[in-house]
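Trainee: Take a look at the following structure, please.
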Amino acid sequence: MRLLHTSDWHLGRSFHRESLHDAQRAFLDHLVAVVRAEGVDAVLVAGDVYDRALPGLEAVALFDDVLHRLAGLGVPTVFISGNHDSARRLGVGAGLIGRAGVHLRTDPGECAEPVLLADGHGPVAVYGLPYLEPTLVREHFGLERGGHAAVLGAAMDAVRADLAGRPGGTRAVVLAHAFVTGGAPSDSERDIAVGGVASVPASVFDGVHYAALGHLHGCQTLAPHLRYSGSPLAYSFSEARQRKTMWLVDLAADGSVTAARVDCPQPRPLACLRGRIEELLTGGEYAAHEQSWVQATLTDPVRPTEPMERLRRRFPHTLQLLFDPEETGAAPSPSYAARVSGRADLEIAEGFLRHVRPGAEPDPDELGWLREGFETVRATGDRKAELPR
């Protein structure tokens, strides 16, 4: 069986205020063309279809169009909701849409209810695990506590229990939206950590033949049966060196997997340039980037006048301007943004307590209150996103 694995479309997203609508439409055209040209038997979309819970009308129109086109090809398609999607909104009409071969899996209660496909070698059970926010789904899985690993582990236990009751030789495919240990993140993914570790071990997917993962925006292989497709477009300059692709996966009769990358069309290349402004404006080595989307980091000891205007005369698509002055002998103190960069919300809050109470560490009760507070805010925000406006 030939599967096309993609994820993290983020329909409606822009790139540093540059519209990506046409680029996303070109990607969806490409996806449909690949399905037709490569004899794809099923399409797997592993979450973050939209960029936000309340997508704009243009994004909804793109999604509606591709649903009709995939259904028209007669190729089964399985979608799961990601942490950017509103699960309830994405899942509206799932029962009716499913009759057209487009299967929306957004309800945690349906984790162990597979989409059943078949080829000449027998059945293939495709399980869709939507993004599982621990605070919101613990009760459903009978858990009093636990984070991402616990809830995803409980969902996979249900999958394995269902699979055990199916005919021998049934091949199992799982879609999941999670941060699996060993994966390499980018700057453009929304942090899913609250009150602890966000990652889950790869072993949680033991017992299935292929796990189509979403959430991380770089295409990567954690194991032959465990892969991220990555996003089809770059959504931050941290992805400048990433090759944007989908996975074309062949699932053999014995459940073994071979996979090849299919490149996605890009609106324009990305370039991260660094140096003094005069070097960037005159250096011949930068000529290849004149039509790229540019992030420029200026190292001039003194901030130049009108730097963005000057850069755009050579690089008209300069979108981001950063300053990192060369050493001048004095050691400036790092900015607040630099001090907290890469730190989780809970760590920042702990640091604040240490700052206002020098020499006193937060006690266990205080850490518990902080963790509970962050989890409550996250859960409240997710519930509000589900409410009708």
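The values are calculated or read from the model by the stated rules, or taken from the named source; none is laboratory data. What you see is a predicted model; the values in this text were computed from it and never measured. So basically every Cβ, Gly included, is an ideal-geometry build from the backbone, and we count neighbours across all protein chains shown. When the accessible area is computed, the model is the full protein with side chains, heavy atoms only, and any ligands, DNA or RNA have been set aside. Shrake-Rupley method; radii C 1.70, N 1.55, O 1.52, S 1.80 Å.
Trainee: Scanning for something in contact with a strand residue (DSSP E or B) (Cβ under 6 Å, 6 or more places away or on another chain), within 25 Å of residue 49 (Cα to Cα) and not polar (S, T, N, Q), does region 151-158 turn up at least one residue?
Mentor: yes
Trainee: Looking only at region 283-307, filter to residues that are closer than 20 Å to residue 240 by Cα and part of a helix (DSSP H, G or I); which one of those is most open to solvent (accessible area, probe 1.4 Å)?
Mentor: It comes out as 285.
Trainee: Additional query: Could you check region 239-260 and list, in sequence order, the residues that are part of a loop (DSSP other than H, G, I, E, B), under 20 Å from the mean Cα position of the chain (by Cα) and among the aliphatic types (A, V, I, L, M)?
Mentor: Answer for region 239-260, where residues must be part of a loop (DSSP other than H, G, I, E, B), under 20 Å from the mean Cα position of the chain (by Cα) and among the aliphatic types (A, V, I, L, M): just 240.
Trainee: Among the numbered conditions (1) out of contact with any helix residue (DSSP H, G or I) (no Cβ under 8 Å at 6 or more places or on another chain); (2) surrounded by fewer than 15 Cβ atoms within 10 Å (Cβ to Cβ); (3) under 21 Å from residue 46 (Cβ atoms), tell me where residue 165 comes up short.
Mentor: Failing condition for residue 165: (3).
Trainee: Scan region 261-282 for residues that are open to solvent by 50 Å² or more (accessible area, probe 1.4 Å) and part of a strand (DSSP E or B) and jot them down.
Mentor: If the condition is that a residue be open to solvent by 50 Å² or more (accessible area, probe 1.4 Å) and part of a strand (DSSP E or B), then 261, 263, 272, 274 are the ones that fit.
Trainee: If you go through region 60-98 one residue at a time, how many are over 22 Å from the mean Cα position of the chain (by Cα) and closer than 21 Å to residue 156 by Cα?
Mentor: Qualifying residue count for the region: 0.
Trainee: Output the qualifying pairs, or none if there are none: Cβ atoms under 8 angstrom, residues six or more apart or on different chains, first residue in region 368-379 and within 14 Å of residue 347 (Cα to Cα), second residue surrounded by fewer than 13 Cβ atoms within 10 Å (Cβ to Cβ) and of a type in the set (D, E, K, R).
Mentor: none
Trainee: Also, quick follow-up: When the residues of region 76-98 are narrowed to those that are assigned to a loop (DSSP other than H, G, I, E, B) and of a type in the set (S, T, N, Q), which ends up farthest from residue 129 (Cα to Cα)?
Mentor: 86
Trainee: Now for a different question. Consider region 216-230. How many of its residues are open to solvent by less than 10 Å² (accessible area, probe 1.4 Å) and touching a Ser or Thr at 6+ places or on another chain (Cβ under 9 Å)?
Mentor: Counting residues in region 216-230 that are open to solvent by less than 10 Å² (accessible area, probe 1.4 Å) and touching a Ser or Thr at 6+ places or on another chain (Cβ under 9 Å) gives 6.
Trainee: Of everything in region 164-202, what is of a type in the set (Ser, Thr, Tyr) and either in contact with a Ser or Thr (Cβ under 6 Å, 6 or more places away or on another chain) or at pLDDT below 95 (or both)? Give them in sequence order.
Mentor: Answer for region 164-202, where residues must be of a type in the set (Ser, Thr, Tyr) and either in contact with a Ser or Thr (Cβ under 6 Å, 6 or more places away or on another chain) or at pLDDT below 95 (or both): 181, 186, 188, 199.
Trainee: For region 1-56, give me each residue that is open to solvent by less than 10 Å² (accessible area, probe 1.4 Å) and over 30 Å from residue 254 (Cα atoms).
Mentor: Scanning region 1-56 gives 9, 10, 11, 15, 20, 24, 27, 28, 48, 49.
Trainee: While we're here: With the checklist (1) within 16 Å of residue 262 (Cβ to Cβ); (2) among the aliphatic types (A, V, I, L, M); (3) in contact (Cβ under 8 Å) with a residue 24 or more places away in the chain in hand, flag the one item residue 37 doesn't pass.
Mentor: (3)
Trainee: Regarding region 353-370, can at least one residue be identified that is modelled with pLDDT under 75 and of a type in the set (D, E, K, R)?
Mentor: Within region 353-370 (the criterion being modelled with pLDDT under 75 and of a type in the set (D, E, K, R)), the answer is yes, since at least one residue qualifies.
Trainee: Inside region 159-178, can you point out the residues that are farther than 16 Å from residue 106 by Cβ and not β-branched (Val, Ile, Thr)?
Mentor: Within region 159-178, 160, 161, 162, 163, 164, 165, 166, 167, 168, 169, 171, 172 meet the criteria.
Trainee: Now, a different point. Consider residue 83 against the criteria (1) modelled with pLDDT of 95 or more; (2) of a type outside the set (Lys, Arg); (3) touching a His at 6+ places or on another chain (Cβ under 7 Å): it satisfies all of them except one. Which criterion is unmet?
Mentor: Checking residue 83 against (1) modelled with pLDDT of 95 or more; (2) of a type outside the set (Lys, Arg); (3) touching a His at 6+ places or on another chain (Cβ under 7 Å), the one that fails is (1).
Trainee: Moving on. Among the residues of region 46-59, write down those that are in contact (Cβ under 8 Å) with a residue 12 or more places away in the chain and either within 20 Å of residue 246 (Cα to Cα) or part of a helix (DSSP H, G or I) (or both).
Mentor: The answer is 46, 47, 48, 49, 50, 51, 58, 59.
Trainee: Something else: Which ranges mark the strands (runs of 3 or more DSSP E) fully within region 99-216 that have 1 or more residues being touching a residue at least 24 places away in the same chain (Cβ under 8 Å) and under 20 Å from the mean Cα position of the chain (by Cα)?
Mentor: It comes to 102-105, 122-129, 171-177, 210-214.
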